[in-house]
Amino acid sequence: WFVASIVGLAGAPREEVVAWIGRPVPATLLLLLVAAGFHHSQLGLQVVIEDYVHGEGRKLALLAIVKGATVLLGALTALSVLRLALAG
């Protein structure tokens, strides 16, 4: 869905892209994609940290940093999508 939509919007003016994001179905699917993408990223980094970082203190600190960063970046991305969706 996302790739096909982006290919279809390639070269479109900003107003057309904002209008597309402003429709309920694309906005909802885009928010779900953002959530799934950041969750998947956090899980992947967690596995790498658990496998390759030694020392419980460092491991827990890195896991907390990764979790916090993904939650923060995911929230900022979702806010950006919502702002575009409400502007469209």
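The values are calculated or read from the model by the stated rules, or taken from the named source; none is laboratory data. Bear in mind the structure is a predicted one, so any value in this text is a computation, not a measurement. When we count neighbours, we look across all protein chains shown, and the Cβ atoms used for this are built from the backbone with ideal geometry, even at glycine. When the accessible area is computed, the model is the full protein with side chains, heavy atoms only, and any ligands, DNA or RNA have been set aside. Shrake-Rupley method; radii C 1.70, N 1.55, O 1.52, S 1.80 Å.
Observations on the structure shown:
- For the chain, the relative contact order works out to 49 percent when only alpha carbon pairs closer than 8 Å and six or more residues apart are counted.
- Per the Kirkwood formula applied to alpha carbons, the stretch 27-88 shows a radius of gyration over Rh ratio, Rg over Rh, of 1.14.
- FRET efficiency estimate (nearest 0.05) - Cβ-Cβ, Leu43 to Arg14, R0 35 angstrom: 0.55
- Membrane-span-like helices in the chain (whole DSSP H runs, Cα extent of at least 27 Å along the helix axis, mean Kyte-Doolittle hydropathy of at least 0.5): 24-52, 56-87.
- Using the 1.4 Å probe convention, the accessible area of the chain works out to 69 Å² per residue with neighbouring protein chains retained.
- For Leu76 and Ala4, the difference between the fully extended length at 0.36 nm per residue and the C-alpha to C-alpha distance is 23.5 nm.
- Expected 222 nm ellipticity per residue - DSSP helices of 4 or more, -39500 (n - 2.57), all of the chain, to 500: -30500 deg cm²/dmol
- The tail of the calculated P(r) for the stretch 1-64, taken as Cα-Cα distances beyond 18 Å, holds 55 percent of the pairs.
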